[in-house]
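Beneath this line is the structure, given in structure tokens, with notes to follow.
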């Protein structure tokens, strides 16, 4: 990363391990390496996409950054403030600045609360409005996401998925955040709705100068919305660079494999396109392969990959990559 | 779901109907169900069923008796003591005293020194003779606190050395002197013309002292257990005891010196649940029940079952008042509480079909109607008037009624408090079924105790001596150290008089009159020992010690018993 | 909370009646009303509560009034359920027993679910050592057979409790502290609560553990809402369903435990009627006077079954996803 | 496996001690003076505080020591199998318990077996005939018996079977599981817990029947009973076994009411004796035995889970 300006968001060597016990009687101890030494920076107003197969630790990275899971080690900076050093109480004022939109809008809203109450709650909690003005503020929020004020007194189960995701976005916006983690916000929605939500999010980003960490497994969406893209494999970052760098010229063999799976709109090219199919399943995060985690599936792996984990290094063109052969 | 509800309704109705049919279940015992299976052998813990011709009597004990020592003097275990232990002197069913282990007795003219002669035929079940040393040893052992004899003071108090022994300071009674192997001489501190009646009991019947007493002068643990082959003196001897289930078995004693026992075997089974016990009796699985009476016993088994023997001796049940505890320390209050109660109603409710009579004065059952004092007045108006004088009337302490441990006592107590409620408006009462359930601190608070006071034998001064004399355990504990010096003096004087002297009774009556004006008890019932046996049991009668009289005569009419 | 009220105002002038929102509770209630057995149970329970509250004013006789002239009578026009062996009206006593049973079971259920909810939500939300300790204790308490524990507690708590009441009386001179029926009630309630709160805690904990990981709770945490708000407004309302079901079943079993204790003679003492001690008295003579046993036993059984059905109905209503064939 | 058992025991052992401490404290402070209980039938002035005999006895019994020392002593002796002497009859508590325990255990095992052998099939039948008359009958019956307390159903059965339709002798005492005497007590012991097991089994079967793999099995055209026994029954067992564990614990404590009504000399009756006589050394001994058995039962249930549910064998445990 060559930018000299101060990044809004900075994760340094973020690690999240989950200890588990295995076997019928819990006789074996083990550790799930959910996030393993991940670092990234996001400038204000920028959108960083995070892609990878399911189970690779994308969402955990987001949750850990938000301190919804406390990281095992590493630091999370928001404007120079280390969030990991703060207690839950000290963290609370910063919570409103960093928000999250979840994948499944059906489970993200409290079924026993009206939309109005759900939206008013954080505003009041952070004293962004008084009891008298809060309704007005909530109505504005609803308008922002394209819903009428009739939604106020309704319960979540009366809304469709798309509408609910709008409500979730409104709730994330309720306390005027600067940074939003979007955890696969559209993957649970109908394709027809997805575009609406993406557009809404882009509009809002412009309107409120938001910064996004956009987690997805749909590369085309990432390509559409993100400035930069990070690729994760089994808890580790494989490659990160600008959208153009990643999509046009992937360096990491895993990135290449991912990209080759994306269909191309032009049917002629699609027909002749060479697809690189990855062999085998994603290995278990409990006992990840030695060395480079990707080596058992990697088409270009050498002996060194089996023993030595590749360094996360910056290439000449500014992108970062973790591969011995890149 | 609708079907479930209909099924449920049908089931509920079915059960209700079946249970309503349960009332004819009160089959009179004379018409036993003919199709009942042979089931008598299904007793717990017993060995293989004996031959059918054997006469086996089954007695139900209401508690599991883990301690069958003949030296406890109380509890349900002593109720069948006469089966296996001979009494010193036997009281027959008309109240006369006949020789048993003691063949004869005499006293010095001043009634201070008594001589008892042991029957030379009297032997233990191992064939060894019963000696004067056995008697002396038994009595000394009974006085030891660690022996926990509950009633020893009734029999042996007054013997020189008794007070030291019961205090645990001596293991011997110097007042008992063994003259020779079959002669005892007893010296008393004060004259007692009725000593021979006092000691006429199975509860201090002689045991083989070499078995029962250890080197330390205390009782040997479990010496009486059938496994230890105790030498017994009664018509039957134990062959099997399971103290965990309360089961024991007795067979005739081959060395018994009296008439030949008529039964082949006696079984004692512990059945704690009254309804189960009743069922077993109805089915012929048991013949005699030592349990407390249920209000329904009469309906189930008829008048014969609850009848008493002809003995003139009554057990008098009384609600004693502890005069040392508020509000009972105010005589007005006591007066009000006593006068508010109608003993007749208490009696009618708890003993709807008898036996016995409603409680009156302490001496009336002994002396008969003539010349006795009038029972305490039941007069609601006077009660209210007295209550108005009571200094606690505005802040009445809660009244604890203790000893409501059996269904009848509980019924009586319920009537008691209800009458107080209706007449005096007393609301706060609490029942204490068993005293030892209360902590020591709380035991001191209890104001009313239901307990019996036995005459044991028809003698007025003795009755008072055991109940209201300040030296009696009853006066000390249940009556809160009741002490009326005039009463004590009159009782003590009466006790020294010859039983034939009319003054003996007159002085007792005078003492009783004083007690009555102190308002320290509420009479409830006077009853003889209840029988509780099925009609096929023959020659069954109990005396004032709840002992079976002439146990060798006990017999069964097997033809009447349901098979 | 205030927003609700302000929003209400807005609704009144904004939204028309037919567009009124249907809350999820309302929804459950409607479902409950469609279940015939549940409705029947509710009716039975309502009748019980009615008699528990107003019964003593409606009964023709004083439940304590003895009349020895009419002892042990079978049911008649004057005494619908007959009289007992002290000539007391059985119907009046059964109705008063309803008051005892209701008071005991209601207080038991409210108190034990309260304790259970507090313990369970703390345990479930915070997890870790707190959870380990609380659940260790709960498991222990639950594993121990209820009636035995209850009996041990009842026997050993009575003396200190009665001493305490006496002291309270001496210091306040309030005659309430002298009432032994109050002592009995307090004792029975304390004892049953002490053995009954554990299932609630366990149930709520497992619910909270599940709900805690729902996204709306994560969202609430991400929004920086205070922990108390999260627990009380996000977690408990969504975790409480099974607890409500359990409360209904708990009413029935509290009644049973109360009568078992009274039956054993360590609960409500006579002459205050409780179904348990009435059954105890009735059992002694039930072959000659079956009505004395059947009246309290049937009512007790009916109530247990009604609460059981109500619990089933609530379960279906609150957890509509359950398989319905 | 051994580590698991040890861990479980480690979890239970302090608990047993704590509960014992609580009961001990309750008895110690709320119970009453043991010496006065021992000699309650005596002339009371002999064994009152202040009397030298009383004080000597108190010293001898170690009752003057601090509470915790006495408790520690009790636990230490209990660990060696000495539960002290009963206050009521002066006999070793261990002796009474070792006589009573086998009886309670055999009742518990027999009743549990009956519950499992009758209750589970009934639950399965009810589930298979959901909302038809067998289901209604079974559920209704279960609910009905659930509504009747033990202390009512016991005498009811007794009068019905012994007097109304005299097919059985009046059961009293305990002569063993396979005797005529045991029929009514075992029925009573089993009937209420069975109601719960039936309901549990029924709903477990219903849950399983709605699973995809059962639908697949049915769709394959397998005979219904094969589907049920091969696929549906095993997962059903897990919740039912949990329930059986609870049932077993309660039965092991010796159903107080059952043993009182039928005069069965088991642990429950001992507990009742302890209460009646304020005999807390007996009571404590019973509590200790019950706690031990409860611990072992829970251990067995825990161990049996993975054996019953193969899915659990691979499962991850602990915090995730």
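Of note:
- Between the Cα long axis of helix C:241-263 and the first principal axis of chain C there is an angle of about 20°, rounded to the nearest 10.
- Where labels lie 7 Å past Cα in the beta-carbon direction, separation of residue D:218 and residue D:242 in nm: 2.5
- For a label point 7 Å along the Cα-to-beta-carbon line of residue B:486, residues of segment B:509-532 with backbone N under 18 Å: B:509-521
- Once the chain from residue A:88 to residue A:187 is taken as fully extended at 0.36 nm per residue, the excess over their C-alpha distance is 32.6 nm.
- Computed FRET value (nearest 0.05) for residue A:307 with residue A:44, which takes r as the C-beta separation and R₀ as 51 Å: 0.80
- Our compactness index for segment D:156-257, the C-alpha radius of gyration over the empirical 2.2 N^0.38 Å, is 1.50.
- Measuring between their Cα centroids, segment D:81-152 and segment D:156-214 lie 8 Å from each other.
- Remark: spin-label model distance residue B:391-residue B:169 equals 3.8 nm, labels positioned 7 Å along the Cα→Cβ axis.
- Kirkwood hydrodynamic radius over Cα pairs of segment A:149-273, then Stokes diffusion coefficient at 10 °C and 1.306 mPa s, in µm²/s: 96
- Backbone N under 20 Å from the residue B:53 label point (7 Å along Cα→Cβ), restricted to segment B:536-563: B:555-561, B:563
- Shape of chain A, Cα gyration tensor, a/c cut at 1.5: prolate
- Compared with the dominant Cα axis of chain A, that is its longest principal axis, helix A:161-174 is turned about 80°.
- Placing pseudo-labels 7 Å out from each Cα toward the beta carbon at residue D:21 and residue A:206 gives an inter-label distance of 6.9 nm.
- Where a label projected 7 Å from the Cα of residue B:229 along Cα→Cβ would reach, residues of segment B:104-139 with amide N under 19 Å: B:123-130
- Using the Cβ-Cβ distance between residue D:180 and residue D:67 with R0 set to 45 Å, the FRET efficiency works out to roughly 0.35.
- Förster radius 60 Å - calculated FRET efficiency between residue D:3 and residue B:357 (Cβ-Cβ, nearest 0.05): 0.20
- Sorting the segments A:208-220, A:54-66 by their mean number of nearby beta carbons within 10 angstrom, highest to lowest, gives A:54-66, A:208-220.
- Legend: mean number of C-beta atoms from other chains within 10 angstrom of residue C-beta atoms, peptide C:245-257, equals 1.
- Segment D:96-279 shape via C-alpha gyration tensor axes, a/c threshold 1.5: prolate
- Of D:227, D:150, D:104, the residue with the greatest mean-square motion in the GNM of chain D, using alpha carbon springs below 10 Å, is D:227.
- Note on B:406-414: average number of Cβ atoms from other chains within 10 Å of each residue's Cβ is 3.
- 10 Å Cβ neighbours from other chains, averaged over peptide D:170-178: 6
Any read-out appearing in this document is the output of simple, stated calculations on the displayed coordinates, not a laboratory observation. None of these values were measured; they are calculated from a predicted model. Here the Cβ is made from the backbone with ideal geometry for all residues, glycine too, and neighbour counts use every protein chain on show.
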